[in-house]
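One structure is given here, and the rest of the page talks about it.
The values are calculated or read from the model by the stated rules, or taken from the named source; none is laboratory data. Quick caveat: nothing in here was measured; it's all calculated off a predicted structure. Cβ placement follows ideal geometry from the backbone for every residue including glycine, while neighbour counts extend to all protein chains displayed. Surface accessibility is based on the protein's heavy atoms, side chains included, excluding ligands, DNA and RNA. Shrake-Rupley method; radii C 1.70, N 1.55, O 1.52, S 1.80 Å.
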Amino acid sequence: MKIGIPQSLLYEYYYLFWKTYFEELGFEVVTTPPTTKGIIDKGVKLSVPEICVPIKVYIGHVATLLEEDVDYIFVPRFVSIKKGQFFCPKFMGLPDMLRYSIEGIEEKLLMPSISTKSDNIAEAFKDPKLFQGKLNIGMKDNKRAVEKAEKIWLDFRTNSKKGYSCKEAAEITVGNVGKEECVPLNKEEVNLTIGLIGYVYNVYDAFISMDIVNKLRNMGVSIKTFEMLEDDEINKELKDMSKTLFWTFSDKLLAAGYHFYKNEEVDGLIHVTAFGCGPDSMLGKLLELDSPLYNKPFMTVRIDEHSGENHLQTRIEAFVDMLKRKKINVQRGA
Amino acid sequence: MKVSFPYMGTTVVYKKLLELLGHEVIVPPKPSQRTINLGVKYSPEFACFPLKVIMGSYIEAIEKGAEVIITSGGHGPCRAGFYEKVHSKILQAENHDVEFIVFDSMFRNFKGFFRNIYRIKQNNSWYKVSQSLLFVYNMIKKLDILEKEVETIRAYEIRKGETTRAWEKIQDLFDKASTKKELEGAFNKGTQLLREIKQEKVHDSNKIRIGIVGEIYVVMEASINMKIEEILGSLGAEVERSQYLSQWINYNVTPKFINRTHEMEILKKGEKYIPIPIGGHAKQTVGHIVDFNERGFDGVIHLMPFACLPELVSQSIIPKITEELGIPVLTLAIDEQAGTANSLTRIEAFLDLIQGKKSKKIS
Ligand code: SF4
Ligand code: SF4
């Protein structure tokens, strides 16, 4: 039996968990290719016009799986991974948007509801009713599969926190590449470090973000992202705020932003956001307004369905140059 | 201290409560195009529309001299609860010196709630405070009763605009009342005023009833939803909203074990389409559509603020609901350009469609 997983939204963060889990249970896992123009176009056609770009992209990936010969499509309903906190409403209603807007898709959808106490979603998968009776999984097999998936995912997170990008961390975890072959993104000897604020589905989707990760690397800049931080570092920032955003990943970004502002290694912040994202426009504004307070430059890169690549390249170059100049000036002055 | 509050729906009640407690109240002007433009200018681009309008409303209140702004924190997984953080930071950056007092539901944050009450209570006794709260609650309930009548009568008035004028007068009467007796008087006078409006006789089978659903702020605030109720009324349709302030209070301010039946029922009706609460009023929106359909309404207007996260989910689902239940739904996006001729044409066309459907059924 084949289970399709869209390479979109939280894929970069949880893919290893999902893949290990299903494969351990004897299912074949199929994923969509990285986002292309064609995939986005499919998504645009199937969604309401005002919705944010990442959801359109996701719907495009689901439509792509529909054309393939898979038995099920895995569309988890992320509700909460932290007490008292929720996901952006579009995540919580994602399976509903799909099943009521694409005719006949519902029976194909696996829509487990994810409500856990932490990022570690293993707890949710222990529930045998998770797939509403669609998959026939024995209790014992399930237990084994969850344990294995959890272990691999935790390894992946450990590697992430060493400063590898999500993709690299995943490859290293499964042993496809050695650590030597990857450059950690926040390699210390590079003299410029940028805090890259953005959801995994924006930052690591090379089509959406026009591969900003490698663009910066090629300029010799090292990078820090939210998922490279320890949970404590994130939680500490959140504790200091009188009120947080309610949406877990948006909160992580906001917390990471303030952490980077305070972290001496970081020279400036780039916020990668997609067209139509409400939560981002709030947290972006807060970070932007506070940038002078910490004397660290802040730049927003906004991606839509048809941004121009050259334009982005120039803007990033200008920003990096400015940071370099600033740094040199400070060093001279000191 | 001069206090103000966000402009939403029947503002006379906020004003009343604060006045009863002896504050100098600055009522923000009714949102106008200027308010909206100010809000749009100072808010993040993809902030939802209500956040922007409230931003503009605060700026105007500050221009009128407000020093303290009282607002509800909101709750649940939507961003309403975070409004104040963004608003105050932006106002600060614009060098406006105001203080915010944020009320979260007293059953969520008991201590905070009473700390806030304490701050606005001044020298009043607790007895006076509770009496004032009760008074205002009664006022809201009475206003809601009259408003529901207004929404029906307006469709059949013979002299155009008469009902709306009466409604304005009623709000004014309530504004002047500050004792129980005066409140009773205002209510009776209001009932009287409405009874005097001459109405056309329309046969029941020809009556058109339209439900209005969507995010609470745009559903309740006529000045930003292009006065949708008046438009529909003038086109001969009876209107019922999904939200009234008294219901909102019942659900959000009173404890869980009482008074929640209505809202729970509505949520249940939405379950098939959106099984869990996803924030804002999306689940209520689909629940109310199902409910209006069951109650024989002829159509529903769905008001969706620009960039509203949860309503985008309901919008995605609505075509399917119409397909399954047959009730026509028109989604209107509410943004700084709402109220243009284009929206009006769409509303008229929608009513034509409904009328067409109806006469076909009869013949
Ligand atoms: S957080 Fe932003 S980008 Fe992500 S689903 Fe919500 S609105 Fe879209
Ligand atoms: S429900 Fe919609 S309009 Fe209301 S706060 Fe949330 S996003 Fe904004």
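Summary table
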read-out: Percentage, to the nearest whole number, of Cα pairs in chain A over 39 Å apart; value: 12
read-out: Size of electric dipole in segment A:196-334: Cβ of Lys, Arg +1 and of Asp, Glu -1, about Cα centre, debye, nearest 20; value: 580
read-out: A:Leu109 long-range amide H proximity, modeled H, under 5 Å; value: A:Ile73
read-out: Using distinct alpha-carbon pairs, which all enter the 1/r mean, Kirkwood radius of the protein assembly as shown in Å; value: 27.5
read-out: Sulfur and carbon atoms: percent of accessible area, the protein assembly as shown [1.4 Å]; value: 52
read-out: For chain A: accessible area per residue (Å², 1.4 Å); value: 41
read-out: 10 Å Cβ neighbours from other chains, averaged over peptide A:82-95; value: 6
read-out: Chain B - mean residue ellipticity at 222 nm from DSSP helices (-39,500 (n - 2.57) per run, n ≥ 4, rounded to 500); value: -17500 deg cm²/dmol
read-out: Cα coordinate range in chain B, projected on the principal axes (Å, largest first); value: 68, 45, 43
read-out: Buried solvent-accessible surface, both chains (B, A), 1.4 Å probe, Å² to nearest 100; value: 3200
read-out: GNM flexibility winner over chain A from A:Pro112, A:Pro49, A:Pro297 (Cα, springs under 10 Å); value: A:Pro49
read-out: Reachable lysines, given that their alpha-carbon falls under 27 Å from the alpha-carbon of B:Lys360 and they are not under 8 places away in the same chain; value: B:Lys201, B:Lys207, B:Lys320
read-out: Choice from A:Glu67, A:Glu150, A:Glu28 showing the highest fluctuation, given a GNM over chain A with Cα pairs closer than 10 Å; value: A:Glu67
read-out: Unsatisfied cross-links (Cα-Cα over 30 Å) in the set A:Lys129/A:Lys285; A:Lys151/A:Lys224; A:Lys117/A:Lys327; A:Lys151/A:Lys179; A:Lys215/A:Lys326; value: A:Lys129/A:Lys285; A:Lys117/A:Lys327
read-out: Highest-fluctuation residue, A:Gly60, A:Gly26, A:Gly276 considered, GNM on chain A with Cα pairs under 10 Å; value: A:Gly26
read-out: Partners for A:Lys37 among lysines (Cα-Cα distance below 17 Å; same-chain residues under 8 apart left out); value: A:Lys45, A:Lys56
read-out: Ellipsoid semi-axes in whole angstrom, largest first, where each is sqrt(5λ) of the Cα gyration tensor of segment A:218-316; value: 23, 17, 12
read-out: Calculated [θ] (222 nm, deg cm²/dmol) that DSSP helices of n ≥ 4 give over chain A, each run adding -39,500 (n - 2.57); value: -15500 deg cm²/dmol
read-out: Exceeding the 29 Å Cα-Cα cut-off - candidates B:Lys141/B:Lys283; B:Lys2/B:Lys141; A:Lys83/B:Lys89; A:Lys161/B:Lys41; value: A:Lys161/B:Lys41
read-out: Calculated over segment A:1-148: convex hull of Cα atoms, volume per residue (Å³); value: 105
read-out: Amide hydrogen neighbours beyond the local backbone of B:Ile212, cut-off 5 Å, H modeled; value: B:Glu240, B:Arg241, B:Ser242, B:Ile301
read-out: Rounded if a/c under 1.5, otherwise prolate or oblate - segment B:125-200, Cα gyration tensor axes; value: prolate
